[in-house]
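Take a look at the structure below.
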Amino acid sequence: MPDPRYWRKPFDSDKVKSPKGVVYVIKDRCKGCGFCVEFCPRGVLVLSVEFNKKGYHPPEVVHPDRCVNCDLCERICPEFAIYSLNQDEIIELAP
Amino acid sequence: MHADPKGVLTGTHYLDGDHAAAEGACAAGCRFLAGYPITPSTEVAERCALRFPMIGGTFIQMEDELASIAAILGASWGGLKTFTVTSGPGFSLMMENIGLGIMMECPCVIINVQRGGPSTGLPTLPAQADMMQARWGSHGDYEIIALSPNSPQECFDLTIEAVNLSEQYRLPVMLMMDECIGHMTEKVVIPLAEEIDIVPRRWTREKPDTYLPYKPCDDLVPEIAPLGYGYRFHTTGLTHDQRGYPVLNAETQEECVGRLMDKVNKNAENIYHLEKHNLDDADVILISYGISSRVAIPAVGKAREDGIKVGELRLITVWPFPENLIRELAGNIKAFVMPEINYGQVVLEVERCVGGKCKTRLVGHAGGWVHDPESIYQAIKEVAQ
Amino acid sequence: MTVAENKKTIGNIPEHPKSLLLRMDRMPHIWCSRCGIGIVVGCLAAALEKAGLSPDDITITSGIGCTGRVAGYVKVDSFHTTHGRAIPFAVGLALSRPDLKHVVFSGDGDLVSIGGNHFIHAARRNQNLLVICVNNFTYAMTGGQLAPTTPVTARATTAPYGSFENPFCLPNLAISAGADYVARWTSLHIRRMTDTFEEALNREGFRFIEIIAPCSTIYARRNKLGTGLDLMKYYYENSEIKHDATAEELEIGFQTKIVVGKFVDKERPSYARAMNRHLGKILGKKYIPPEVGGPQ
Ligand code: SF4
Ligand code: SF4
Ligand code: SF4
């Protein structure tokens, strides 16, 4: 579970259905700062052990099912290397 | 293109050089002036503060000259014709962003009503001692265009010419007046708007997807894109490639700075504006600019009465310097005589071009007054022997 | 931009959703790992989108320094000017193109040290500018010198024994110079920062938003504060939202509490509006409002 410090359970959480997101990491653009990993409210990410082209450890999606497409990782990433999309949008995109 | 009649105060006027320059800017289509008060140039700003609201112009008095030059660069990118006006100390403060204007290739005009220096110097008295500063004052290598009027009428005419040159070649153009010209009152004839030729902004005809902000045309000058039309261009004071992106290496520096120099040097023949009298059979040629050219008139007359063949070359364009002409003339004459209100600035260029082929004689002093024609006459007489 | 519009891919995945607002051909940018500047750029891009603005509705002007490089990474008409002169340059842009929105995006040293005079006068005149200042308490690009924002006792290369000079508190400076809209967030406050940008973009007059952000490589390291990530955690623990904070509460000491919020939100006529109104009143029919630049 995510660190409770960063995630407050909304009062109406049983009524509202959380959206589902899919996270994309543009690995070679990442500079391994760890912001997304640290602050993702759902603990979706960890820094991988593998290196990218630049020698940084990009994040790895370890709990894809938990992602709520909250956009935090996209906004907090200083490198424009990670983002999430709403699952429905992705289906639209499929050829 | 003809001048916008809104800005043209057609008629015969009795104006000093500062006011005439302000009218020149109005007529040339300048619609933005950011300035800061400084003697002896303030009257230009004052006149525009009065006139601009009635011709669709914006005048803003900035917090200092650093801000004035930055604001006119911004407004020029915004698509207006812009100018600022100052004197020595303010000119010194503007130097860094004059370099930015050169690097970004930003059309604008800087009027310097010269006074005695260094430092606060002689705020109310004339000098011509910023001529080399106009040429070299900002750091780095570049070429500049500078004009020098010798009457209120020319303050009007040359301000228009300066604005046009800045649009044609996309660079800051300097109008180097002096306190004497700035405060001298004479007849100024302002023609009809349709008699004034205006160089319009060189807007690009490229589409945004193929446009490169620093791709030169045949005359080595790139075309400008308007803001907000999808060009989404970038421009920087850093060394840049044709996309306008910073590329910090020797190769790009050569290409970038090389073209900034070439666009002035290779077009110099079209830029020169010179006044020539009796050069063909001259033994002595008087080279002058600005107020010194007028003070020299009686000296030349007196020397001719003595039978000395004196030719006259007046540098209306001081920069770029007419190197080839001076080289050519140097072979045929005994000497050049050059009065300047400084201890020798533009005369250094003359000496360089002459290369020892004839004598050069500076008639200079530290400023605060114009020459005594007698001193110029004496110099002519001495070198003619 | 919606996903469907973003046809570009990178590898086998769609390109980043903000890629239409950024110069992806210039990525990776020059900022260090764990630097906060990129976050602020991303939030501005998000705010533009939320505010329903097209990249052709705005210009961005920067000065010099690490944050000064922002203008080079945003895909709008953008100007990378000289040290300290972003504001007066943008004043010229704003007065010649009042139909566009003009953003100045620069660092603390650039905006309030070398450019300090321009800052207060643009605020005083209420020029139509949104000024975003990334404050990392140091001159980062030149290697970590003392800034006008460096907290007392913090170290810099030119204050090797720690600073003993009083720093500027930027919101206080902006407020006392008369700014219409003043806010401060840290680079951790991504949502509030984005919302504030969005709100400020649609307002008139001088708007100032300070973003406290980590300089990981220089400031954090020299002051033994860990990395940018540690500073982000520090902001989490130590920032307090207080919209009605007093001037004293807004001061920032070395690793003290950081009070954030929107402190001023008022409406005065902008310089351009005041000019039009006043001159129109005095000159009547003789007044011709300023020409707008661009092809006729
Ligand atoms: S979108 Fe939100 S929940 Fe999903 S990975 Fe990013 S930060 Fe975590
Ligand atoms: S925030 Fe961006 S740069 Fe930092 S680790 Fe995550 S993906 Fe990489
Ligand atoms: S030096 Fe500091 S401010 Fe500059 S890019 Fe690196 S972390 Fe950011």
For region B:193-201, indicate whether the set of residues that are of a type in the set (Lys, Arg), within 14 Å of another protein chain (Cβ to nearest Cβ), under 30 Å from residue B:11 (Cβ atoms) and in a loop (DSSP other than H, G, I, E, B) is non-empty.
yes
Boolean, residue C:173 is assigned to a helix (DSSP H, G or I) and in contact with a helix residue (DSSP H, G or I) (Cβ under 9 Å, 6 or more places away or on another chain):
yes
Of everything in region B:72-106 that's within 10 Å of chain C (Cβ to nearest Cβ) and among the hydroxyl-bearing types (Ser, Thr, Tyr), which residue is nearest to residue B:59 (Cα to Cα)?
B:82
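Report those strands (runs of 3 or more DSSP E) wholly inside region C:189-266 carrying at least 3 residues which are more than 16 Å from ligand 3 (Cβ to nearest atom) and within 18 Å of the chain's Cα centre (by Cα). Write out each step before concluding.
Values: elements: C:207-212, C:239-241, C:258-265.
Ranges flagged: C:207-212, C:258-265.
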If you go through C:107, C:116, the only one that is within 25 Å of residue C:269 (Cβ to Cβ), modelled with pLDDT of 95 or more, away from ligand 1 (no atom under 16 Å from the Cβ) and not aliphatic (A, V, I, L, M) is C:116
All positions within region B:233-253 that are more than 16 Å from residue B:210 (Cβ to Cβ) and small (Gly, Ala, Ser):
B:237, B:250
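Which residue out of B:212, B:279, B:286 is in a strand (DSSP E or B), surrounded by 15 or more Cβ atoms within 10 Å (Cβ to Cβ) and not β-branched (Val, Ile, Thr)? Before you say what the answer is, go through the steps one by one.
Values: B:212 fails: in a strand (DSSP E or B); B:279 fails: in a strand (DSSP E or B).
One residue alone meets the criteria, B:286.
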Tally time: how many residues in region C:114-168 are part of a loop (DSSP other than H, G, I, E, B) and within 14 Å of chain B (Cβ to nearest Cβ)?
6
Strands (runs of 3 or more DSSP E) wholly in region B:28-140 with at least 2 residues that are touching a residue at least 60 places away in the same chain (Cβ under 8 Å) and assigned by TED's automatic domain parsing to the domain that holds residue B:190 - which ones?
B:81-86, B:108-116, B:122-126
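What do you reckon, is residue B:258 crowded, with 19+ Cβ neighbours inside 10 Å, among the small types (Gly, Ala, Ser) and not in a strand (DSSP E or B)? Show your work before the answer.
Values: crowded, with 19+ Cβ neighbours inside 10 Å: no; among the small types (Gly, Ala, Ser): yes; not in a strand (DSSP E or B): yes.
The answer is no for residue B:258.
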Check residue B:243 against each of (1) buried (at least 16 other Cβ atoms within 10 Å of the Cβ); (2) within 28 Å of the chain's Cα centre (by Cα); (3) touching a residue at least 24 places away in the same chain (Cβ under 8 Å) and name the one condition it does not meet.
(2)
Checking residue A:77 against (1) within 16 Å of ligand 3 (Cβ to nearest atom); (2) more than 27 Å from residue C:25 (Cβ to Cβ), which single condition isn't satisfied?
(2)
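The values are calculated or read from the model by the stated rules, or taken from the named source; none is laboratory data. Bear in mind the structure is a predicted one, so any value in this text is a computation, not a measurement. Counting neighbours? That spans all protein chains shown, and the Cβs are built from the backbone with ideal geometry, glycine included.
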